[in-house]
Amino acid sequence: MDKRFSGLFNLTEEQAIAILDTPIAQLNEDDSRYVAAAHLVNFPTERSIQALMRAVQTTDRSLDNRIVRRKSIETLGRLQAKESLSAIRTCLQDEDCYTVENAVWAIGEIGTEDPEVLAEVAQLLDKPGQTYRVIIHTLTKLNYQPALDRIRRFTDNEDPPTASAAISAVCRLTGDMTQMQQVVEMLQHSNVLGRRLSIQDLIDARYYDAIPQISRCPVSLVFRLRGIRQLADAGVAAGKLTFESVRPYLEQVLRDRPEDLDLVHAYDRTPTLPFLIRELYETDFGRCYLATKTIIEHHAEAAPAALFATYKEEAYGDYGAHFHVVKLFGWLKHAPAYDLLVEALHHPQPQFQKSRAAAAIALGELGDSRAILDLKACLATKIWDLKYAALMALERLGDLSGVAIAADDEDWLIRAKASLYS
């Protein structure tokens with residue numbers, strides 16, 4: 001289990017259980033049952049599981065308790081606690097659609113072949129007001145063939161992410177991939193959530209042909225990397241793909257040039273630099289990439305000073321804008337940003353992880369050989385995309401002395417990249 005975020009709440013297992021077991025009316029002002037339920041994901045013990053199950057079975061209808069129940073169900077799903085399946089199943093009939101959604105998702109994570117449980121999940125597709133996408137995803141993940149006709153009804157649903165999930169599910173359950181191009185087209189949806197979710201559907205369907213289009217989808221590279229990585233892992237293991245067939249698209253995503261994306265937004269006229277700097281804080285990365293491209297093309301001379309200013313004021317603490325500022329300094333080849341980029345390369349906070357790989361790429365763009373030792377140090381981390389980006393940067397700087405370290409890496413992708421230099 002990934003432990004990088006485990007220290008955020010500063011609670012022991014015993015403290016979290018005690019808080020979760022405390023009635024809302026008796027809680028101290030600084031205590032949160034929701035936080036406790038979230039934190040227990042870090043403790044896969046019988047005590048934690050039983051505490052979470054008690055929280056699920058506490059059916060007080062207050063909003064606070066409903067939220068705690070949802071989080072407790074989610075945590076049990078993340079823990080894949082099979083003993084909690086019957087308790088979670090009772091939530092499928094809950095009046096709160098979000099509780100139902102989390103229960104369905106958790107059942108998918110825990111896994112079951114019980115036909116009664118699966119039939120109960122499938123029947124939710126007939127119930128108004130549910131999150132059908134999650135239901136479809138879970139039934140498909142558990143390969144519940146009797147749900148096929150129910151799922152097929154959603155392939156032309158007015159909600160594009162729901163339709164995308166249904167098309168992907170029908171293709172997976174029938175083995176007929178002829179309709180998957182409709183899911184690929186969702187990669188250019190105007191809504192950023194639609195674009196992100198279509199990547200998940202392509203992963204779920206093991207639709208390897210979509211890798212080139214995923215690489216060009218205007219969403220955060222986290223989603224594109226996840227899509228390509230998971231498809232590569234599955235495809236190489238199944239003999240459907242090779243490292244060389246995936247490598248150009250993987251490296252295109254890690255390089256992350258805005259001109260390598262199929263942008264879905266456009267400007268009527270060239271905006272001012274202050275406007276473009278604010279766009280770097282948007283949650284829709286499609287807008288951020290359009291701003292980045294426009295800054296490079298129209299404001300290259302004035303941009304560095306504005307980027308330093310926004311970094312000092314705000315971007316240092318905003319992990320989205322931080323990422324874009326780091327990348328821009330690389331594309332602008334702005335040598336005075338060297339110290340900032342080295343600092344970003346070693347950023348200790350997990351929320352800023354994508355900035356570390358971005359900094360590696362940017363340092364490669366600066367061409368300053370002082371970065372070689374810092375980049376080689378990154379080859380000892382556990383973060384695969386940082387290691388891969390560091391190898392790309394070292395290659396650009398003409399130093400291959402780190403290949404020996406990477407050649408024995410535990411990750412097959414890193415070993416494969418290192419083998420290109422041997």
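Could you work out which residue, out of Asp114, Asp409, Asp256, moves most in a Gaussian network model of the chain, that is, has the largest mean-square fluctuation with Cα springs under 10 Å? It is Asp114. Label-to-label distance for Leu148 and Asp30 is 5.8 nm, based on points extended 7 Å past Cα in the beta-carbon direction.
Quick one: compute the contact order of the chain, relative version, from alpha carbon pairs under 8 angstrom and 6+ residues apart, as a percent. Intermediate results must be reported in sequence, preceding the final value.
On the way: 576 pairs, mean separation 28.2, N = 422.
It comes to 7 percent, rounded to a whole number.
Using the structure shown, list the pairs from Lys387/Lys417; Lys354/Lys387; Lys327/Lys382; Lys71/Lys141; Lys327/Lys376 with a Cα-Cα distance above 18 Å, or answer none. The pairs that break the limit, which is 18 Å between Cα atoms, are Lys327/Lys382; Lys71/Lys141; Lys327/Lys376.
Stretching Thr90 away from Arg269 to a fully extended chain increases their span by 58.9 nm, per 0.36 nm per residue minus the current alpha-carbon distance. What the phi angles of segment 110-115 give under the Karplus curve with 6.51, -1.76 and 1.60, with θ = phi - 60°, is a coupling list of 6, x, 7, 10, 5, x Hz, glycine and proline written as x. Restriction of the trypsin sites (Lys or Arg not before Pro) in segment 322-414 to DSSP coil positions whose beta-carbon has at most 10 other beta-carbons within 10 angstrom yields Lys382.
Note on the chain: dipole from Cβ charges, positive end direction compared against Thr242, Leu420, Thr270; the farthest Cα belongs to Leu420.
Close amide-amide hydrogen proximity is noted between Val219 and no other residue 5 or more places distant or on a separate chain, at a cut-off under 5 Å (H modeled in the peptide plane; Pro and chain starts excluded). Spatial offset of segment 166-216 relative to segment 386-404 amounts to 33 Å, using the alpha carbon center of each. For Arg247 and Val342, a Förster radius of 41 Å and the Cβ-Cβ distance give a FRET efficiency of 0.90, rounded to the nearest 0.05. 3J(HN,Hα) along segment 306-312: 5, 5, 4, 5, 5, 5, 5 Hz, from the Karplus curve 6.51 cos²θ - 1.76 cosθ + 1.60 with θ = phi - 60°, whole Hz, x for Gly and Pro. Under a Gaussian network description of the chain, with springs only between Cα atoms under 10 Å, the residue in Ser72, Ser62, Ser164 that fluctuates furthest is Ser62.
Ranking Thr75, Ala106, His137 by how far each Cα lies toward the positive end of the dipole of segment 1-148 (charges on Cβ) leaves His137 at the top.
Taking the fewest neighbouring Cβ atoms within 10 Å as the starting point, the ordered list for Ile19, Ile228 is Ile19, Ile228. Counting only Cβ charges, +1 for Lys and Arg and -1 for Asp and Glu, the dipole size of segment 273-419 around its Cα centre is about 140 debye.
Please list, by residue number, every one of the GluC sites (Glu not before Pro) in segment 31-131 that is coil in DSSP and has at most 15 other beta-carbon atoms within 10 Å.
On the way: sites: Glu46, Glu74, Glu83, Glu95, Glu101, Glu109, Glu113, Glu116, Glu120; in loops: Glu95, Glu113.
Filter output for segment 31-131: Glu95, Glu113.
Could you work out the relative contact order of segment 251-324? I mean the mean sequence separation of Cα pairs under 8 Å and 6+ apart, divided by the number of residues, in percent. This gives 31 percent for segment 251-324. Measuring between their Cα centroids, segment 75-92 and segment 244-272 lie 41 Å from each other.
Taking packing as the residue-averaged number of other Cβ atoms within 10 angstrom, the listed peptides 188-199, 32-43 run from highest to lowest as 32-43, 188-199. Per-residue Karplus couplings for segment 61-67, computed as 6.51 cos²θ - 1.76 cosθ + 1.60 with θ equal to phi - 60°, are listed in order as 7, 4, 4, 4, 6, 4, 5 Hz, Gly and Pro entered as x. Its relative contact order, with pairs defined as Cα atoms under 8 Å and 6+ residues apart, puts segment 1-100 at 24 percent.
No lab work stands behind these numbers, since they all come straight from the coordinates. Values in this document were obtained by computation on a predicted structure and should not be read as measured data. Quick reminder, even Gly has a Cβ in these numbers, built from the backbone with ideal geometry, and neighbours come from all protein chains shown.
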